[in-house]
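Here is the structure we will look at, set down as structure tokens.
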Amino acid sequence: MEIKNKAYKLICASLAAAMIVSATPGISLAQSSTIREELKRQQDQKDALQDQLDQQKADYDYSKSQINNLESSIKDYENKIYEKQRETQTANLELRNIIDSKNTVAEKIAMTNVAIQETIDKIYKLEADILDLEVKIKETEREIERLKKEVEKNTKLLEERLVVMYKKGSVSTLEVLLSSKDINDFLSRQTMMGTITKHDKELIATLKSDKEKLDKLVIELNGQKVSLEIAKEKAVAERFVLEEQKEYQDQLFRELQAQEGVKNEQIASLRASAEEYENYLNQNITQKRALEDNISNATNEISQLEAEIEASLAEIENKEAELSAAEEEERAARIKAQQEEYARKQEELKRLSAEKEASKQESAPSVSETSSTRLAWPAATSYITSYYGYRSNPFGYGPSEWHGGVDIAGPHGTSIYAAGSGTVTHAGWWGSYGNLIIIDHGNGMETRYAHLSGFSVSVGQSVSRGQYIAPMGTTGRSTGPHLHFEVRIGGETTNPLNYIR
């Protein structure tokens, strides 16, 4: 049996090789290769353009992001500049008020200085007037003292004369007459005596009157002196008040000067901050304009690249259509040749299959009747891309390999059906098969459905012939969406096409 199986596989390999060799495509391999190379070149060019486009879009997005950040920063700096300008305006107004207050205080200080000087001058004048009065008072007092002494002296002389006259008695007219030289001398002596007495009295009275006047003058001068001294005290008190006022004004002036200095420093600091913010603002505006230029250039580049990519895609589509047409022509020719070769080899394959089945029947009588079992087509598409037997490596490298089933290609998600009624014994992942469903049909026959994209049945579930079981996929060791369909008899693979009607 083993020898017959090997012979069967060799014949199948020979048949597959014959199919490949006998294929007569409608276009040469060199032409197909040239188209593929041109298509690859176009694809590489498109990929390079796409990379440039992606980079330009990334640069565009980055520039937009940077512009958004800069716009936010510009708005922030504009707000800061406005705030600093507002603070500067307020500080300038406060400085103006400080300067006005300082000037007002300076004017008051000047007026106070004038008032102090006037008060000092007034005090000096009062002191001078007081000194003058004191001199006058002293002179008057000396004059009073002199008059007093004069009165006392004359009074004493008069008293002495009266005493003498009293002691001697009155001089008789006869004595005066006898002592006179003549009548005229007599009359003269008589008159003189009366005049002397009268004069003494008048002199004393005059001296007393003068003394009384001087006493009054002294009182008046002392009164004036007191008035001047009171005025001086008031002037001194006024000067003290003015000097205290000036001291307060000087202190206030110094404080205002200090406030002016602080306010000037504050204004300078605010202006420096505003200038610094304006510099940052101008830098951001310059950067924003540069980025806007970059965006404009990037937009132009993107438009140009998109146009080039669109043209490249159109070229690729043309090349793909050309290649697809060439491959379809080649595939049609190959299938025709395969069908012809298949028909030629069919009898020999049937003979070998019959011998193999007979050999299996000898070793496993329980499956003797399975060769007559017929299965339904397992997919919603009928395009076979790889037959049962030896084939070239589908990945384009390595030696030929044994293929234990048939590959039926179709779009991703194409419906897969149970080829016959039976029980699901496996529904899950299985190495290179990928997602795999195994259905046991009894009598040693099972069918396998590989590379599925999902499952619509589960282990232990009974299925009927033609029932939908899964969507087509490309899981496991696969070059694209297709169904790898196997029929196994007693665990050995066999050509599925022999069981399908």
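Read-outs throughout are calculated quantities, based only on the coordinates presented, and are distinct from any laboratory measurement. Owing to the predicted nature of the structure, the values given are computational and were not obtained by experimental measurement. When we count neighbours, we look across all protein chains shown, and the Cβ atoms used for this are built from the backbone with ideal geometry, even at glycine.
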FRET E, pair residue 252, residue 227, Förster distance 60 Å, beta-carbon r, rounded to 0.05: 0.95
Loop GluC sites (Glu not before Pro), segment 46-97 (other Cβ atoms within 10 Å of the site Cβ: 10 or fewer; DSSP): none
Potential extension, residue 244-residue 458 segment - 0.36 nm per residue separation minus Cα distance: 65.8 nm
Taking the C-alpha atoms of segment 413-481, convex hull volume expressed per residue in Å³: 71 Å³
Alpha carbon Rg of segment 445-501, scaled by the compact-globule rule 2.2 N^0.38 Å: 1.20
In nm, spacing of pseudo-spin labels at residue 497 and residue 85 (7 Å Cα→C-beta vector): 8.9 nm
Stokes-Einstein D for segment 370-501, Kirkwood Rh over Cα pairs, 25 °C, 0.890 mPa s (µm²/s): 169 µm²/s
Environment charge of residue 114, counting only residues whose C-beta is closer than 14 Å and scoring Lys/Arg +1, Asp/Glu -1: -1
Residue 314 versus residue 156: modelled label distance in nm, points set 7 Å from Cα along the beta carbon direction: 15.9 nm
Cross-link table 136/208; 138/232; 148/208; 149/225; 148/201; 122/216, entries beyond 18 Å C-alpha to C-alpha: 136/208; 138/232; 149/225; 122/216
Segment 370-501: relative contact order as a whole-number percent, Cα under 8 Å and 6+ apart: 30 percent
Distance between segment 475-501 and segment 421-456 - C-alpha centres, whole angstrom: 10 Å
Residue-count net charge about residue 259 - beta-carbon cut-off 11 Å; Lys, Arg +1, Asp, Glu -1: -1
Three semi-axes of the equivalent ellipsoid, segment 39-80, Cα gyration tensor, whole Å, largest first: 39, 4, 4
Label-point gap, in nm, between residue 426 and residue 440 - each point 7 angstrom along Cα→Cβ: 1.3 nm
Segment 48-109 - Debye-derived log10 I(q)/I(0), Cα point model, q = 0.15, 0.19, 0.29 Å⁻¹: -0.68, -0.79, -1.03
